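The block underneath contains the structure these notes are about, expressed in structure tokens.
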Amino acid sequence: MSSENKLHAYVRGEIVPLDQAYLHVSDLSIQRGYGIFDFLKIIDGQPLFMEDYLARFYTSARLMHLPVPLSDEVLKATIFRLVELNEMPMAGMKIILTGGYSDSGYDIGEPSLLLIQQPLSLPGQAMLERGLKVITHSYIREIPEVKTINYTMGIRLVNKIKENGADDVLYHTGGVVTELPRCNFFIVKRDGTVVTPVEGILHGITRKHVLEIAGKKYKAVEGTVTLDDIRQAREAFLTSTTKRILPVVQVDDVVIGNGKPGAVTLALLQDLIKLEEESRK
Ligand SMILES: Cc1ncc(COP(=O)(O)O)c(C=O)c1O
């Protein structure tokens with residue numbers, strides 16, 4: 001991997017060394033927290049499922065009235081140029097689009113597009129064997145279908161998560177479960193059906209792939225998941241680009257199944273890893 005000072009980023013039309021990658025204080029992301037992003041994984045120089053992530057990025061941009069300053073073709077070429085320059089075997093690429101420099105500090109300016117590549121490590125074996133404990137919190141993201149840069153609630157809850165000896169937090173409203181701050185959520189019911197919430201969530205790319213692979217072996221559906229369903233569930237797990245699939249073995253005081261990572265969860269993880277490998281061939 002190249003050393004930190006050799007890394008480059010793309011900022012508002014230019015590729016610059018990472019230590020010179022700045023935005024002006026008038027940017028609407030700084031002034032009002034207005035912006036969107038997406039995040040894709042790059043393994044051995046190959047972006048995984050790039051079309052899926054870019055499609056979601058364009059949808060987020062459209063829903064937030066932010067024109068993307070580069071054509072699809074030039075955006076992809078710039079991503080590849082950075083990947084080539086940064087030479088990181090395992091990385092994440094953040095594509096950020098903000099409200100841009102704003103004289104009024106409120107009106108959208110010319111959006112700022114940023115591309116930042118960062119080293120990525122996937123969860124280790126210990127975490128997979130242990131499984132995660134999560135607490136719950138009543139909250140719904142403001143515009144759930146958009147991948148905004150607003151993670152205020154998640155970040156505010158970090159201390160509470162630690163105080164409870166937990167790993168993360170699961171959002172719900174009135175007992176109807178949605179997602180975690182950075183992950184989607186699944187349960188495996190007693191009858192073996194794999195279910196993931198459909199309302200009030202970001203449509204995760206990993207969630208989409210897991211639904212596809214789960215549908216080949218099991219009954220897999222999008223639907224309503226309640227805290228009561230979790231109490232009855234045989235297994236639970238979360239999904240995200242950086243975490244792939246991680247077992248959830250406890251939600252608040254409720255131990256899921258036998259309190260150990262479940263067989264369906266671990267089988268799906270192997271299938272997901274295979275799907276990632278096939279996508280790179
Ligand atoms: C709110 C939210 N939900 C779910 C996810 C998981 O999405 P993906 O699988 O595309 O990484 C993320 C990813 O960061 C997220 O921010």
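Here are a few things to note about the model shown:
- For the chain, a simple Cβ point-charge model (Lys and Arg +1, Asp and Glu -1, everything else neutral) yields a dipole of about 720 debye relative to the Cα centre.
- Residue order, fewest to most surrounding Cβ atoms within 10 angstrom, among LEU114, LEU70: LEU70, LEU114
- Among HIS172, HIS24, a tally of other beta-carbon atoms within 10 Å of each Cβ gives an order, fewest to most, of HIS24, HIS172.
- 10 °C / 1.306 mPa s Stokes-Einstein diffusion coefficient of the range 125-279, Kirkwood radius on C-alpha pairs, µm²/s: 103 µm²/s
- Estimated D of the range 4-119 in µm² per second, where Rh is the Kirkwood radius over Cα pairs and Stokes-Einstein applies at 4 °C, 1.567 mPa s: 90 µm²/s
- Kirkwood Rh, angstrom, the chain [1 / mean 1/r, Cα pairs]: 19.9 Å
- For LYS274, the lysines whose Cα falls under 19 Å of its own Cα, not counting residues fewer than eight places away in the same chain, are LYS41, LYS208, LYS216, LYS217, LYS243.
- Going by neighbour counts of Cβ atoms within 10 Å, the residues THR59, THR178, THR152, THR239 line up, fewest first, as THR152, THR59, THR178, THR239.
- Three-way shape label, the range 74-185, alpha-carbon gyration tensor, a/c 1.5: oblate
- Along its three principal directions, the equivalent ellipsoid of the range 141-225 from the Cα gyration tensor extends over semi-axes of 24, 15, 11 Å, largest first.
- Dipole check for the range 180-281: with +1 at the C-beta of Lys and Arg, -1 at the C-beta of Asp and Glu, and the Cα centre as origin, the magnitude is about 340 Debye.
- Here the range 181-242 is treated as a sphere whose radius is the Kirkwood value from Cα pairs; by Stokes-Einstein at 25 °C and 0.890 mPa s it diffuses with a coefficient of 211 µm²/s.
Rule-based calculations on the coordinates, nothing more; no lab input. Quick caveat: nothing in here was measured; it's all calculated off a predicted structure. We place every Cβ from the backbone using ideal geometry, glycine too, and count neighbours over all the protein chains shown.
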